[in-house]
1. If you bin every alpha carbon distance in the stretch 168-302 into 5 Å steps from zero, what whole percent lands in each bin?
2. Which order do the peptides 38-44, 6-12, 284-290, 147-153 take when ranked by the mean count of other beta-carbon atoms within 10 Å per residue, highest first?
3. Just to confirm my numbers, what's the Cα centroid distance between the stretch 158-202 and the stretch 43-71 in Å?
4. How long is the gain from residue 316 to residue 356 if the chain were fully straight, where each residue apart is worth 0.36 nm and the alpha carbon distance is subtracted?
5. With a 1.4 Å probe and every protein chain left in place, work out the accessible area per residue of the stretch 210-273 in Å², rounded to a whole number.
6. Pairs 37/316; 400/438; 144/236; 124/181: which are spaced more than 25 Å apart, C-alpha to C-alpha?
7. Extending each Cα 7 Å along its Cβ direction at residue 247 and residue 394, get the distance between those two points in nm, one decimal.
8. Tell me the relative contact order for the chain as a rounded percent, counting alpha carbon contacts under 8 Å between residues six or more apart.
Amino acid sequence: MKKIVVANRGEIALRVMRTAKEMGIKTVAVYSEADRKALHVRYADEAVCIGPPPSNQSYLLGDKIIEVAKMTGADAIHPGYGFLSENAHFARKVKESGLIFIGPSAESMEIMGSKIGAKQAVSKFNVPLVPGTQEALRDIAEAKNIANQIGYPVLVKASAGGGGKGMRVVNSAEEFEEAIKMAQSEALASFGDDAVFIEKFVGSPKHIEIQLLGDQHGNVVYLFERECSIQRRHQKLVEEAPSSCLTPEIRKKMGEAAVNVAKASNYFGAGTVEFLVDEKLNFYFLEMNTRLQVEHPVTEQIVGLDLVKEQIRIAKGEELGYTQDDLKIHGHAIELRVCAEDPMNNFLPDIGKLLTYKTPQGYGVRVDDSFEEGMEIPIQYDPMIAKLITFGATREEAIKRMIRAISDYKISGIETTLSFGNFVMHHDAYVKGDFDTKFIEKYFQPEMLQNKAASLEPVAAFSAGNLFFKQDGAKQDVKQSTQTNWQLKRKN
Ligand code: MV4
């Protein structure tokens, strides 16, 4: 492999190009008219403009990107995440064009692209599933019987959905028929496929996912878990590895279940198996993401592998070259997504110019970004401007380092989620590891960020965690427990 087209933009395009450069592989950037001055365009050895700003006229044009690969004499395409990364049709076309798709096979992507297909595939491979149906619901009366057996509430999910799209909770038998019909018509409208299925609704779950790597010779290993429960509307904001709630036994069980998911679909490449985990630490397979994920750096930091390098080696047909026993967890890593969104105003996207943009530096800090001071945040794309990753020997160290790095991160001109990250890092429930997917709903109110100047001072923050909370007593209990917790932590 001598030259790769990176079919993406932003931080992930740069991320892929850096590794390619280390491996002596040339890179070709593709870009839209909105990205003429983008860093991924400057960093690449070559760059080709593929169309106007809207992604369906640029970054989503698979055929055009394949053309660019041919034209520039590239031999592979890396899709990054989002855009074409989970498009089986594109992966197949890349292969049929005589190019290497740096990712799994189109067949694996197709199996996992259908939630029902995925459940059916893994059901024979000893993977725990949420009680529910493994076929598209057709007969309402029969489905209702199953729902009664499972017990309400049940969740109706679209087979073609994912990432929270096309889900609906049904609380009672009376609501059932109407909910199914609504879900089916919504699924048809959104995904062109009306297949829906039902599952027992797991209330307040944790979202824990397992990173996998598989080669083209049948070897699969798990690179442990990422805890991704701090989400808002299915948008992750804080991720970490490892999870602070798993025992070594459950970690091994989940890892082995994830490997079985890969075996069920002859998977190779990097992939992630998502699990729901309930308060008793029962875990259930949700879906598999057949791409490199945004939050992959936390895994890289704790296992010491460059996941893009592994993807490229696997795509070339190399063997993994290590076994499960060679992999160990070293320390703890946390990632904060720094998004151009205003946490004081319902996380509304905030556009504008980065008047000040200074990234934090120093031991245990990694910033994956693609902006420079003075640049505009384009409105057409994802609002994520950077990923701030900190790592340390322990979770406490990673948290304190994150607080320091947030304080050292200087951004003006736009609102970002840095202040929200600071709130999370000081929150008693987060510090204790006692949280689930309801964290934001349960604990976050925009007013808690009011004392902003103070909240970004680490010294003030440590001595008075209550700066984040209203002074009127409404959050008195939280305020006190936060202080107590930091005192406890400091004693250890
Ligand atoms: C669930 C669930 C509860 N019970 N399935 C949301 C994203 C999609 N991947 C699946 N999701 C869920 N599936 C059952 N049977 C709750 C969620 C869910 C969720 C899952 C992971 C992370 C955040 C979430 C937020 C709300 C709901």
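1. For the stretch 168-302, the pair-distance distribution reads 2, 9, 17, 18, 17, 15, 11, 7, 3, 1, 0.
2. Top of the packing list down: 6-12, 284-290, 38-44, 147-153.
3. A separation of 36 Å, based on Cα centres.
4. On the way: separation 40, 0.36 × 40 = 14.40 nm, distance 4.17 nm.
Here the answer is 10.2 nm.
5. Result: 32 Å² per residue.
6. Numbers: 37/316 32 Å; 400/438 23 Å; 144/236 33 Å; 124/181 30 Å.
From the list (37/316; 400/438; 144/236; 124/181), the Cα-Cα distance tops 25 Å for 37/316; 144/236; 124/181.
7. In this crude spin-label approximation the distance works out to 2.2 nm.
8. It comes to 12 percent, rounded to a whole number.
The values are calculated or read from the model by the stated rules, or taken from the named source; none is laboratory data. These figures come from a predicted structure and were not determined experimentally. Methodologically, a virtual Cβ is constructed for each residue, glycine included, from the backbone with ideal geometry; neighbour enumeration extends over all protein chains shown. Just the protein is used for accessible areas: all its heavy atoms, side chains included, with ligands, DNA and RNA removed. Shrake-Rupley method; radii C 1.70, N 1.55, O 1.52, S 1.80 Å.
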